[in-house]
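Worksheet: one structure, shown below.
The values are calculated or read from the model by the stated rules, or taken from the named source; none is laboratory data. Every value quoted in this text rests on a predicted model; they were computed, and no experiment measured them. So basically every Cβ, Gly included, is an ideal-geometry build from the backbone, and we count neighbours across all protein chains shown. Accessible surface areas use protein heavy atoms only, side chains included; no ligands, DNA or RNA. Shrake-Rupley method; radii C 1.70, N 1.55, O 1.52, S 1.80 Å.
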Amino acid sequence: MELFFDIKNTILPEVIVSAGFLCVFIFCILSRSLNKKFLFIFNIVVLLAAFLATLSPDFSFSNYIFSGMTSVCSLSFLFKQMILVGGIFAVLLSERYVQSLQKYAGEYYALLLSAILGGMLLSCSDNFVMMTVALELLGISSYLLCGFSKDDRFSVEAMMKYFVVGSVASCVVLYGISLLYGLSGSFQFEAVAQKLDAGNYIAVLGGVFVISGLCFKLAAVPFYNWASDVYRGTSFPVAAFLSVVPKVAAFGLLIRLLSVVFNNVWIIYPFVAIIAVLTMFVGNLLAFREKNLRNLMAYSSIAQGGYVLCMISLGSALSISAALFYLIAYIFMNFCAWGGIGLLSEERDVTFDSVRGAVYSKPFASVCLIISVLALSGLPFSIGFFSKFYIFQSVAFAGFVLLPFLFIILINVFLSFYYYFSLVRQIVLPGYNQLSQKNGIKIKIATLFAAIFIVFSGFFSFWFIEYSQKISMEYMSGIVTSENY
């Protein structure tokens, strides 16, 4: 009975997603001609049920199970909610792609649920063993999704590039963990933190390796160069999924690592700040002259991740709340952009020239894409504007010494205006476009919902800010101590 209540109040969302994965897997074994509509509905129901299970946890009952392998708090549940919302969007965007598959539709949905489960476990990991297992579960599922169209040479090539870079990043993470284990003799985050200090160069080196390897999931410097090849080579819904869910899960883990494991290793924070600055500049400068829409979204995703890294590197409750708010906005802005691109065309070589005048022939998709890129640029009164303004406020409140940091962020925001508005200009200019993609009702629903959220949530941004502040304050004031074990 105690185990039941432990599960209900801690890992019920993961249990629901795991059960859904096993059911789909069994369906695939028992029948090779599964009804695709049934699979679609089943996956939506599983993810919605898991999302509902995150809404009313009882944190006072039991925060730790499995000997502290996972930590349960309001922050981890927020990241689970964001990952599940991203998963629901991914399933909606995948409906037309799955209909085009001759076989293996069940396997596709099973891999999607497996990747979502890995992301959820990663965001609440409190132990390096659990972190590694979750990281590999998310990684292997993502590699297979990336190369799912095995008859497509570009998809297989994208998968191989993703796999090779991901394998190197995993080795870097494992080497960093080995250094930290050698110092502390434990894999538990809090136990490791008690043995680390800024004067120990091995602790610093271990932290540098772990965070550098984690940058792979964030598509941040130094492991960023896979993004454009993968987003362009793989199928459209998988590219949309990879641009959001693994990134959000990795940010959830990074916040825990910095606030718990490396809280006393102060030099790690400037290291993350340097990565953030480089990531912003690399993403924006590469996107500056990019004309392929998928590559543009890859570089945009890199730059957007840099803004969140900036906030996490400050390490304050205010900056973490700004990062949380920005991630909530990013999920809807990014899926709206990918939905608009998918409604225009699912071809991998859609360029600025091919979408010229698209607003006249495909107004719905074009307007949604315009809304999303304007929000990503930070246009006033959209949720993108308020999320960026909150970032500026967090840096300004951090002290006079960080004003150059604010100046760097402003430069990058102004750089992004050029390529975002260049895309909008091409869409609204009169001209002939060569796009002839069939529309999918599920993609339209997902894209419309995201667009409505972007437009109207800006008027209620104060609610999201207060919510993120509440969670950030609760987390920073109740960071794990050894007394909980």
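Expressed as a fraction of 2.2 N^0.38 Å, the rule-of-thumb size for a compact globular protein of N residues, what is the C-alpha radius of gyration of the range 76-115? Don't skip to the end; give the middle numbers.
On the way: Rg = 11.7 Å, N = 40, 2.2 N^0.38 = 8.9 Å.
Normalised Cα radius of gyration, the range 76-115: 1.31.
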For this session: For the chain, with all protein chains present and a 1.4 Å probe, just round the carbon and sulfur fraction of the accessible area to a whole percent.
Result: 69 percent
Problem set entry | For THR70, distant residues with modelled amide H under 5 Å away | ILE65, ASP126
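Using per-residue counts of other Cβ atoms within 10 Å, averaged over each peptide, order 167-175, 270-278 from highest down. Don't skip to the answer; put the middle values down first.
Details: 167-175: 16.7, 270-278: 18.6.
Averaged packing, sorted descending, gives the order 270-278, 167-175.
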Exercise. Is the range 100-168 rounded, prolate or oblate when judged by the Cα gyration tensor, a ≥ b ≥ c being the square roots of its eigenvalues, rounded requiring a/c under 1.5 and prolate requiring a/b larger than b/c?
Worked result: oblate
Exercise. If you look at just the Cα atoms of the range 236-311, how large are its Rg and its Dmax in Å?
Worked result: 14.1, 44
Problem set entry | Unit Cα scatterers, Debye sum, the range 344-446: log10 I(q)/I(0) for q = 0.09, 0.10, 0.15, 0.22 Å⁻¹ | -0.32, -0.39, -0.71, -1.12
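With viscosity set to 1.567 mPa s and temperature to 4 °C, compute the Stokes-Einstein D of the range 319-376, Rh being the Kirkwood radius across alpha carbon pairs; µm²/s, no decimals. Intermediate values should be presented prior to the final figure.
Values: Rh = 12.3 Å.
Reported coefficient: 106 µm²/s.
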Exercise. Taking a quarter of the surface of the convex hull around the Cα atoms of the range 23-179, what do you get in nm²?
Worked result: 10.6 nm²
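Based solely on its DSSP helices, what 222 nm [θ] is calculated for the chain when runs of n ≥ 4 H residues each add -39,500 (n - 2.57) and the sum is averaged over all residues, nearest 500 deg cm²/dmol?
Value at 222 nm, helices only, nearest 500: -25000 deg cm²/dmol.
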For this session: For each pair in LYS80/LYS161; LYS80/LYS470; LYS80/LYS103; LYS103/LYS442; LYS291/LYS362, compute the distance between the two Cα atoms and list the pairs where it is over 22 Å.
Result: LYS80/LYS161; LYS80/LYS103
For this session: Give a residue-ordered list of calculated ³J(HN,Hα) values for the range 317-330 (Karplus: 6.51 cos²θ - 1.76 cosθ + 1.60, θ = phi - 60°; whole Hz; x for Gly, Pro).
Result: 4, 5, 5, 5, 5, 5, 5, 5, 4, 5, 5, 4, 5, 4
Seminar exercise, completed: The alpha-carbon center of the range 66-106 and that of the range 266-324 are separated, in whole Å, by 23 Å
For this session: Provide the per-residue ³J(HN,Hα) series for the range 375-387, in order, calculated from phi with Karplus coefficients 6.51, -1.76, 1.60 and θ = phi - 60°, each as a whole number of Hz, with x at glycine and proline positions.
Result: 5, 4, 6, x, 4, x, 6, 8, 5, x, 5, 5, 5
Problem set entry | Cα pair distances exceeding 37 angstrom across the chain, given as percent | 22 percent
For this session: Collect residues whose amide H, placed 1.01 Å from N in the peptide plane, falls under 5 Å from the amide H of VAL350; neighbours closer than 5 in sequence don't count.
Result: LEU293, ARG294
Exercise. In the range 276-341, what trypsin sites (Lys or Arg not before Pro) fall in a loop by DSSP, with at most 12 other Cβ atoms inside 10 Å?
Worked result: ARG289
